[in-house]
Amino acid sequence: MDRLMAVIKREYLERVRTKWFIISTIFGPVFLAVIMVLPGLLTVRNMRAIQVTDFRIIDATGSGLGERVARTLRDRAERDPARIAAAEAGTALDQLAETEVVPTPADGVAAAESTATADVMAGVTRGYMVIDSATLSSTGKARYAGKNASSIAEMNQIEAALRGALVSQRLEAAGINSVRADSISRVRADMETERITSNGRGGSGLVSAIFGFVIAFLLYMMIILYGQNILRGVLEEKTTRVAEVVISSISPETLLAGKVIGVGAVGLTQQLIWLGFAVGIGTYGMAMATASGAVAFTLPTVTVFQMVALILYFLLGYTFYAALFAAVGAMCSSQEEAAQASQPVIMLLVAAVIMVQPIMTNPTGTLGTVMSILPFSSPIIMPLVMSGTQVPAWQIATSLGGLLLACLGAIWVSARIYRVGLLMTGKRPSMKELMRWIRYA
Amino acid sequence: MTELALDIRAISKSFAEHTAVDGLSLAIPKGSVYGLLGPNGAGKTTTIRMILNIIGPDSGSISIFGSPNTDRRVIDRVGYLPEERGLYKKMQVRRALRFLAELKGVSGREADHRIVWWMERLALKTPEKDWGLAKIDELSRGMQQKVQFIGTLLHDPDLVILDEPFSGLDPINAQALKDVMVELKQRGKTVIFSTHLMDNAERLCDSVCIIARGKKVLDGTIATVKAEHGANTVALSVSSGREVIAAMLRGDPAVERVDDQNRYFEVTLRRDADKQALLRAIVATGVEIERFEVVQPSLHQIFLEKVGATGVEPGMTGHG
C-alpha cells in the first residue's frame with residue numbers, strides 16, 4: 001500500500017507542480033468560455049445587429065408588395081432592441097440603407113435581373129430579391145441572389161419581412177385598412193421552455209440543455225486531456241528506461257494503478273478548483289442578474305442521485321480510457337508512434353462527442369438511448385441525456401453496469417500489455433503479437 | 001558450507017525467436033563479489049531480470065537468501081542498477097531519489113538523510129554546489145549515472161546487482177564506483193555485476209561465471225578458474241624478428257593460439273605440449289629473446305578460449 005502511495009504521490013505532485021497545470025487551471029475556464037459562449041454570443045449579436053436593408057427588390061407583382069417588404073424591413077430594423085439600446089446609450093448608429101424597390105412588368109424581370117446582377121458584382125448593392133405573381137399565390141415563392149445569400153440570419157430576416165408583408169397584404173385584401181393590417185402582422189412570439197421531471201419543475205429547458213452540454217463537454221475534455229497525459233507518462237518511463245528500475249521494486253500493476261489514480265486525482269483537483277470558480281461566479285452573477293432584473297432563470301436542480309451518477313460516470317469513464325491509453329503507451333517507443341497508435345482510442349471518444357449535437361436535440365431517441373448504454377460513449381452521453389430528460393433507473397443501472405464491466409476488462413487487458421510492453425523496445429507489436437502478450441503475460 | 005546469497009537452479013527462458021537462457025544454475029555465496037561474464041547476447045541481462053522477478057523463468061527456480069524471489073520482502077533487500085540507465089528527466093534529483101527509496105519501503109525522512117550522505121560521498125553535493133536541487137536533465141551523463149547508482153543503494157540492500165556498471169563511466173567515476181563496491185563487500189554485502197570487460201572482473205571479483213548462448217561455460221573462484229587453465233600459457237617477447245617468430249608460432253602444432261599483445265605474445269599451448277621444445281625451437285630461429293615466461297592466463301584469455309569455442313550467436317544484439 002505504501003508503495004502504491006509513493007507512486008500516486010509522485011504522479012500527482014510532479015504534475016501539480018508544473019506550469020502547465022497552473023496555466024491550464026487558470027485559463028481552462030476562460031478558454032472553455034471563449035470556445036463555447038463566444039460563438040453563441042456572436043450569432044445572437046449578429047442576428048440583432050445586422051439589419052438587412054441594403055438590397056434591391058425587383059417587384060413584378062404589380063401590387064406594391066415590394067414597397068411593403070421594404071417598409072416592413074425598415075420598421076423592424078428601427079424597432080430592433082439592440083438599436084434602441086444603442087440609441088439610448090448615445091452610441092452612433094449606422095445609417096440604415098434604403099431598400100431599393102424596382103417595379104417591373106412581368107416580361108421585364110429578366111432584363112432587371114441582369115442589371116441587378118451587374119450592380120451586385122460592381123458593389124452598388126448587396127443582392128436582389130425577385131417577387132412576382134408566384135409570390136402572391138399560396139406557395140409564396142420568391143428568389144434571392146446576392147453576396148450575402150449564404151448568411152442564414154440575413155435570409156431569415158428577409159424571409160420574415162416578406163411573410164409579414166404578405167400577411168398584411170392579404171389582410172388588406174380582406175378589407176382591413178393598411179395601418180391596422182401592418183400592426184396586426186407585426187405580432188411577436190417568444191416561448192420560454194421549462195422542464196418537468198418526476199420531482200416537479202426542473203428549471204428552464206434551455207438552461208438544463210446547456211448544463212448537460214457543458215457537463216458532457218467537460219467530461220470529454222478531462223478524459224482526453226488526462227488520458228493522453230497518462231499515455232505520455234507511460235511513454236516517458238519506457239523511453240527513459242525508468243520503468244525497469246521501478247518494476248524491479250514494485251509490480252507493473254501497482255505502477256499502472258498508481259499512475260491512473262494519481263493522474264485522475266490531478267484531474268479531480270482541477271475540476272474542484274473550477275467548480276469553486278463556477279459556484280463563486282455563479283452566485284455573484286446570479287445576484288447581479290436578479291438585482292438588475294435582466295434575466296431570471298433558475299439553475300437546473302441536481303439531485304443527489306444525479307450527482308452520484310455523474311461522479312461515477314466520470315471516474316469509470318476516465319479509468320476506462322486511462323487504461324486504454326496506458327496500454328497504447330506501453331506498446332509504443334516514440335511520441336510519433338504513440339500519436340498514431342492512440343487514434344483508435346481517440347476515435348471512440350470522438351464518435352461519442354459528434355453525437356452530442358443530435359442527441360441534445362432529441363435526448364429520448366434511439367440514438368440517445370443506445371449511445372447512453374454503450375460503454376465507450378456512455379460516460380459522455382448519459383450525463384447529457386440525464387440533464388435533458390428523466391432517464392429510467394434501469395437504463396442508468398444497465399449503462400453503469402456495462403461501463404464497470406468494460407472498465408474491468410480494459411484494466412485487465414492493459415495491465416497485461418503494460419507488463420510485457422514496458423520492457424520491450426523496437427517495433428510496435430502486431431495484432432497477433434499483442435494477443436500473445438495478453439494471453440501469456 | 002557458506003550460506004548462499006543467490007541460488008539459481010536450472011532456469012530457462014525462451015522468447016519467440018530464440019532461447020535466451022538455457023538451464024542455467026548458479027550458486028553465489030554471501031559476502032562475495034561475483035562477476036557475470038559473457039559476450040553480448042549471452043543472456044546476462046535476461047538472467048538478471050529473472051533474478052529480480054521482472055520476468056519469470058519458463059522453468060527452474062531462483063531463491064535469494066533462502067527465500068523464493070517471488071517474495072516481495074526479499075526483493076526489497078536487493079538493489080538493482082539496470083544496464084540501460086534512465087531517470088525521470090524533469091524531476092528534481094532529490095525527489096527522484098526519494099521516490100526510488102520509497103519504492104523500496106524506506107520512509108521519506110530516512111531517505112533524505114541517506115541521500116545527503118551519498119551525494120556528499122560521490123561529490124554531487126559540495127559546499128559550492130548542491131546538484132540535488134537540479135533537475136535530472138541538467139546533469140551530465142556521468143552525474144546521472146552516479147545518481148542512479150545512489151538510487152540503487154539507498155535502501156541499504158544486502159544483495160547489489162549491477163548490470164554493466166562501468167559502461168560509459170570515465171576513469172575517475174569508475175574508480176569511485178569500484179571503491180564503493182569493495183566497501184560493500186567489506187560490510188558483508190553481496191555484489192553481483194555483469195560485464196564484458198575482463199580486466200575489471202579480474203581485479204574485482206572473488207568468483208566469476210562465464211556464460212555464452214544462455215549456457216554456463218565455467219564458474220568458480222578466480223584462483224580455481226586460473227589454476228584450471230594455468231601452466232600452458234607463455235609470455236614471449238623478442239627484441240627483433242617479430243615476424244619470424246609469429247610465423248613460426250603459427251606453424252607449430254604444439255601451439256593452440258597466439259595472441260599478439262603488441263609488446264609480447266601470449267602463447268597458449270596445447271595441454272600436453274612441451275614448453276622446453278618450444279623454447280628450443282625459438283632459440284633455433286636465432287632471434288634475440290627478451291622474455292620467455294610461463295604465466296597464469298588472464299581472464300581475458302580464458303574467456304576467449306572458452307567462449308571462442310561456443311561463439312556468439314550471430315545476429316543477436318543488445319540485451320545479454
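None of the figures in this text is laboratory data; all of them are computed from the coordinates on show. Quick caveat, the model's predicted, so the values are computed rather than measured. Don't worry about glycine lacking a Cβ; one is built from the backbone with ideal geometry, like all the others, and counts go over all protein chains shown.
Across peptide A:249-255, the average count of Cβ atoms from other chains found within 10 Å of a residue's Cβ is 4.
First select every other residue whose beta carbon is under 11 angstrom from the beta carbon of B:GLY23; then total the charges, Lys and Arg +1, Asp and Glu -1.
For residues surrounding B:GLY23, the net value is +2.
Each of B:MET119, A:MET347, A:MET331 has some number of other Cβ atoms within 10 Å of its Cβ, and from fewest to most they run A:MET347, B:MET119, A:MET331.
Inter-chain Cβ neighbour count for A:233-246, averaged per residue, equals 5 (cutoff 10 Å, partner chain atoms only).
Of the GluC sites (Glu not before Pro) in region B:86-144, the ones in a loop by DSSP (not H, G, I, E or B) with at most 14 other beta carbons within 10 Å are B:GLU128.
Put in order of Cβ neighbour count within 10 Å, fewest first, the listed residues B:HIS18, B:HIS229, B:HIS300 become B:HIS18, B:HIS300, B:HIS229. Averaged over peptide B:83-92, the number of partner chain Cβ atoms lying within 10 Å of each residue's Cβ comes to 5. Have a look at B:THR46, B:THR70, B:THR126 and tell me which one the Gaussian network model of chain B (Cα, springs below 10 Å) gives the largest fluctuation. Judging by the Gaussian network model, the answer is B:THR126.
Quick one: Cα centre-to-centre distance for region B:143-157 and region A:141-157, in angstrom? One Cα centre to the other: 74 Å.
Computed over neighbours whose Cβ is under 15 Å from that of B:ILE172, the net charge equals +2, Lys and Arg +1, Asp and Glu -1. Based on Cα contacts under 8 Å between residues 6+ apart, region B:4-221 shows a relative contact order of 32 percent. Shown here are the Rg and Dmax of the Cα trace of region B:1-152, at 17.9, 53 Å.
Comparing Cα centroids, region B:1-46 and region A:380-428 end up 42 angstrom apart. Quick one: among B:ASP260, B:ASP58, B:ASP76, which has the greatest mean-square fluctuation in a GNM of chain B with alpha-carbon springs under 10 angstrom? Comparing B:ASP260, B:ASP58, B:ASP76 in the GNM, the peak value goes to B:ASP260. Only Cα sites of the protein assembly as shown enter the Debye sum here, all with the same form factor; the resulting log10 I(q)/I(0) across q = 0.08 1/Å is -0.84, listed in q order. Exposure proxy shown here: for A:THR135, B:THR47, the number of other Cβ atoms within 10 Å sets the order, fewest to most, as A:THR135, B:THR47.
Which trypsin sites (Lys or Arg not before Pro) in region B:194-299 sit in a loop by DSSP (not H, G, I, E or B) and have at most 10 other Cβ atoms within 10 Å of their own Cβ? Intermediate values should be presented prior to the final figure.
On the way: sites: B:ARG203, B:ARG213, B:LYS215, B:LYS216, B:LYS226, B:ARG242, B:ARG250, B:ARG257, B:ARG263, B:ARG270, B:ARG271, B:LYS275, B:ARG280, B:ARG291; in loops: B:ARG213, B:ARG263, B:ARG270, B:ARG271.
Filter output for region B:194-299: B:ARG263, B:ARG271.
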